[in-house]
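A short write-up of the structure that comes next.
All of the numbers you see were taken from the coordinates with simple rules; none came from a lab. Computed from a prediction, not measured in an experiment: that's the story for all the values here. Here Cβ is always computed from backbone atoms with ideal geometry, including for glycine, and neighbour counts include all displayed protein chains.
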Amino acid sequence: MNLDKLMNKHLTRYFDPSKTIPEETLQQLLRFLRSTPSSVNVQPNHFYVLATPEGKERLTANLGERFQDNAEKILNASHTIILTTRADVPDSHLEAVFTKERADGRFPDPSKQELWESMTRDFLNLRSYGYKDLNHWMEKQTYMAVGLTMMAAAELGVEATPLEGFDPTSVDKAFKIRETGHSTTVLLALGYPDPERVYTTPISRFHADHLFTFI
Ligand SMILES: Cc1cc2nc3c(=O)[nH]c(=O)nc-3n(C[C@H](O)[C@H](O)[C@H](O)COP(=O)(O)O)c2cc1C
């Protein structure tokens, strides 16, 4: 990965509609997305991978009027992922996490798994009744998955642009997402840039003095 190049490039706004991510590359990226970590391994996500014109059109028809400028990006991108996050953590979800951890042998010592499960329940109670931010906290996990996947895409030579310009109520309805106990957090458009429409102006970020305090 060329970090200098990454540091100096704009996110892609114009994708080349004639280019599709090879299946093997896509699968590797999805394997990476599946592997991204979450706090207490809560794994609060479900991902809708839109690969077909029908899927992408269903999304663009439901972005909401004020977000139509994102439609072209989605239609021209090779793939767009809808990243959804659980609205809450029912016991059935937590049990599914623990069952998978046990099956995967995450903690070979059963007493360690038991301790882990009780610590996880404590932490989730704190989020629900102490900080009262359970869904917000889970969406933070989703954003981490997006950031990591953007880096993984760069490593694979794929451009990845996150999109927050959409109406979540409308997208949830179009894909029947709420019925699954999730709601849409963010979109990720993936593909290759249109070489004729790549921004070449400098990127604009605050000076390092504004950002870093060394102590
Ligand atoms: C989380 C996130 C959401 C974004 N949503 C959109 C979007 O909906 N539409 C869009 O055109 N750009 C979107 N962007 C791109 C930003 O506007 C862009 O990265 C920022 O203005 C800096 O511009 P640059 O990448 O060209 O340097 C998003 C970027 C991030 C990180």
With charges set only on the Cβ (+1 for Lys and Arg, -1 for Asp and Glu), what does the dipole of the chain come to about its Cα centre, in debye to the nearest 20? 100 debye
Between segment 1-56 and segment 126-193, the alpha-carbon center distance in angstrom: 11 Å
Pull up the cross-link candidates among the lysines for Lys73, meaning alpha carbon to alpha carbon under 27 Å and not fewer than 8 places away within one chain. Lys5, Lys9, Lys19, Lys56, Lys140, Lys173, Lys176
When the helices in the chain are scored as -39500 (n - 2.57) per DSSP H run of 4 or longer and the sum is shared across all residues, what 222 nm value do you end up with, to the nearest 500 deg cm²/dmol? -13000 deg cm²/dmol
Once normalised by the length of segment 124-215, the mean sequence separation of its alpha carbon contacts under 8 Å that are 6 or more apart gives a contact order in percent of 23 percent
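Between Tyr131 and Val49, what FRET efficiency follows from the Cβ-Cβ distance if R0 is 45 Å, with the result rounded to 0.05?
Working: r = 32 Å, r/R0 = 0.71.
Given R0 = 45 Å and the Cβ-Cβ separation, E is 0.90.
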Taking Lys132 as the anchor, which aspartates and glutamates have their alpha carbon closer than 12 Å to its alpha carbon, excluding any fewer than eight residues away along the same chain? Asp88
Does anything in segment 162-182 have its amide N under 18 Å from the 7 Å Cα→Cβ label point of Ala87, and if so which residues? 167-182
The helix 134-155 Cα axis meets the longest alpha-carbon principal axis of the chain at an angle in degrees, between 0 and 90 and rounded to 10, of 50 degrees
Can you compute the charge dipole magnitude of segment 91-215 about its Cα centre, using +1 on each Lys and Arg Cβ and -1 on each Asp and Glu Cβ, nothing else charged? Give it in debye, rounded to the nearest 20. 160 debye
